[in-house]
Amino acid sequence: IAAMQPSTNWHVKENARDHHTSKFSSNELIVRRGQAFVITFNGIEQPEQNLTFIAETGPKPSKQAKTQATFGISSTVSKESWSAVLQSTSSSSVSISISSPANAVIGRYKLNVQSSSTGSSSPATLGTFVLLFNPWSSGDDVFMSNKAECEEYVLEEFGIIFAGNKHHINSFGWNFGQFQGDILNICLSMLDRSLNYRQDPATDVSHRNDPKYVGRVLSAMVNSNDDQGVVLGNWSGNYEGGKSPSSWTGSGEILQNWKKSGFRPVRYGQCWVFAAVLTTVLRCLGIPTRTVTNFSSAHDADRNLRVDEFYDASGNHLDRGADSVWNFHVWNESWFSRSDLGASYSGWQILDATPQEESGGIYQCGPASRNAIKEGDVDLDYDCPFVFAEVNADCMYWSYDPATGKKTLIFSKSTLIGQFISTKAVGRDDRVDVTNDYKYEEGSRKERDIFKKARKKLGLEDKFDPTAPTPKEIEQKPDISGKFKVAGPLEVGKDLNLILVLANLQSDVKSVHVNMTAWSTVYTRRPVREIWKDSISVTLSPDE
């Protein structure tokens, strides 16, 4: 028998319409798992009952790893495995409907066909296709029952990102561009450049059926730390040798630059750039994803669910701890089920590609179940303590004496962190506030109980600092309160007028010496330089 050289019609347009992949600009077939697609091929002389199909992906396809499937023609679709159902035949061609299981590995597949009656004839290649996650299919881990949400979180190419600070929330547009030219191939090569793939390609590919796994790997690959990933972070204020983070307007240019340069990190990004690029990649692969902005966002470096800030006697900020509070921080939420934790933890999952703290030895974060964060279940995978602190840490302001190492608490605030948590509305450019999905109402008893529960799960009892061997932390009730008020409008390039309001909280006369300093900072409140310094002495009557 002459060697089979079939030619294949992939019905790209019709299949793409059925699979919600029409927006991709590709001649290659792109379909979603757990759903049938139709192909027609000719050049096969055998009765179609004798045909066996082989679909395989990754460098070492195997049945055991579920990266290879062999299946013949059957009369019905199988939910559990790959299957092929005959649609029609003519003298020269065969039309087949092929279905993949809802938990199939995603990625680029090679499809071969073999005729069983010829015994040892080698399989003929029909070609390649790409298989993606399917939020429209009820059997898929990423299934989203609301069709308008599928449209927004998978198919929408433009978005709005919120930034600024809690007093002045602003927003800007972003072009995610997940369907542009080469973006899908770049997203697939991100997976193939991950540390996990480099260490064990076959095992890595076999895990690509799991959105938890894919999301976590990509949260590491979007930043350049550890793995020569896509974007190099820079918060210094000096962006020589690259583009200022605020000058980007879309992900396409960033991802294409990464590929064009031979996969060298693109300079430079800050949190919204990491989040926007991760949105692009996850939407491209079919995982419903959105960007979320948290105002007054805590970066708790030492897992004590507190942000500790230190000042010296002159009021200078001391660079003692690694904790900080950012004016805003942008991360991602992706929608999928959590069979590893239980149904109540399914739904929106937090992923964060900004390199802040290592997790499992590399800069990656999530997926952390949003429901777990709200309920204080910080012992669950992945990175819940860090995310819980971002929205709910207590702020402690300390006066620190370098000579004795004594810390005196100036004041603490438990309602400061995690405000106006924002995302774009479905189908509209409005801001939707999702703060109540992250925590119970600030200041409520329930919120405090959850905070205590979280600390307890981390082995932090309710004293100040369980890590300190000696009680070097002292709480001091303030005699005097002071705060700055802004007088007049805040305008870029104009002088800033401040009023310092002092109050004597005691019933006797107080003489005070006040030290004041002002620094310019970036949005993470990392001090850049001192811009002003002054001091005054005043005498305050009782309660004045």
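The values are calculated or read from the model by the stated rules, or taken from the named source; none is laboratory data. Source: prediction; values computed, not measured. Neighbour counts are summed over all protein chains in view; Cβ atoms, including those assigned to glycine, are modelled from backbone coordinates with ideal geometry. Just the protein is used for accessible areas: all its heavy atoms, side chains included, with ligands, DNA and RNA removed. Shrake-Rupley method; radii C 1.70, N 1.55, O 1.52, S 1.80 Å.
Observations, loosely collected:
- From phi via Karplus (6.51, -1.76, 1.60), per-residue ³J(HN,Hα) for region 410-416 in Hz, x at Gly/Pro: 7, 7, 10, 9, 9, 10, 7
- Backbone geometry of region 499-507 corresponds, through the Karplus equation with coefficients 6.51, -1.76 and 1.60 at θ = phi - 60°, to 3J(HN,Hα) couplings of 10, 9, 9, 10, 9, 8, 8, 10, 9 Hz, x marking Gly and Pro.
- In order along region 438-443, the Karplus-derived 3J(HN,Hα) couplings, from 6.51 cos²θ - 1.76 cosθ + 1.60 at θ = phi - 60°, round to 9, 7, 6, 4, 4, x Hz, and Gly and Pro are given as x.
- Annotation: amide H-H contacts under 5 Å for Val522 (H modelled 1.01 Å from N, sequence separation of 5 or more, or interchain): Val528.
- Value of relative contact order over region 147-458, rounded to a whole percent, pairs C-alpha under 8 Å and six or more apart: 18
- Of all accessible heavy-atom area on region 147-458, the percent that carbon and sulfur account for (1.4 Å): 47
- Between Ile421 and Phe295, Val434, Thr435, the built amide H atoms are under 5 Å apart, and every one of these is 5 or more places off in sequence or on another chain.
- Overall form of region 7-132 per C-alpha gyration tensor (a/c, 1.5; a/b vs b/c): oblate
- Of the residues Leu500, Ser535, Thr524, the one whose Cα sits farthest toward the positive end of the charge dipole of region 479-540, with +1 on the Cβ of Lys and Arg and -1 on the Cβ of Asp and Glu, is Thr524.
- Full extension of the chain between Lys483 and Asn146 gives 116.6 nm of extra length, using 0.36 nm per residue less the Cα-Cα distance.
- Semi-axes of the equivalent ellipsoid for the chain, computed as √(5λ) from the eigenvalues of its C-alpha gyration tensor and ordered from largest down, come to 56, 23, 19 Å.
- Volume per residue of the C-alpha convex hull in region 138-273, rounded to whole Å³: 139
- 1.4 Å probe accessible area per residue over region 243-326, in Å²: 31
- The lysines whose alpha-carbon is closer than 25 Å to the alpha-carbon of Lys485, local same-chain residues fewer than 8 away aside, are Lys166, Lys413, Lys477, Lys494, Lys510, Lys533.
- Charged neighbours of Ser62, selected by a Cβ distance under 15 Å, balance to +2 (K, R count +1; D, E count -1).
- The charge dipole of region 479-540, taken about its Cα centre with unit charges on the Cβ atoms of Lys, Arg (+1), Asp and Glu (-1) only, comes to about 240 debye.
- Shape analysis of region 235-328 yields a ratio of the Cα radius of gyration to the Kirkwood radius, Rg/Rh, of 1.08.
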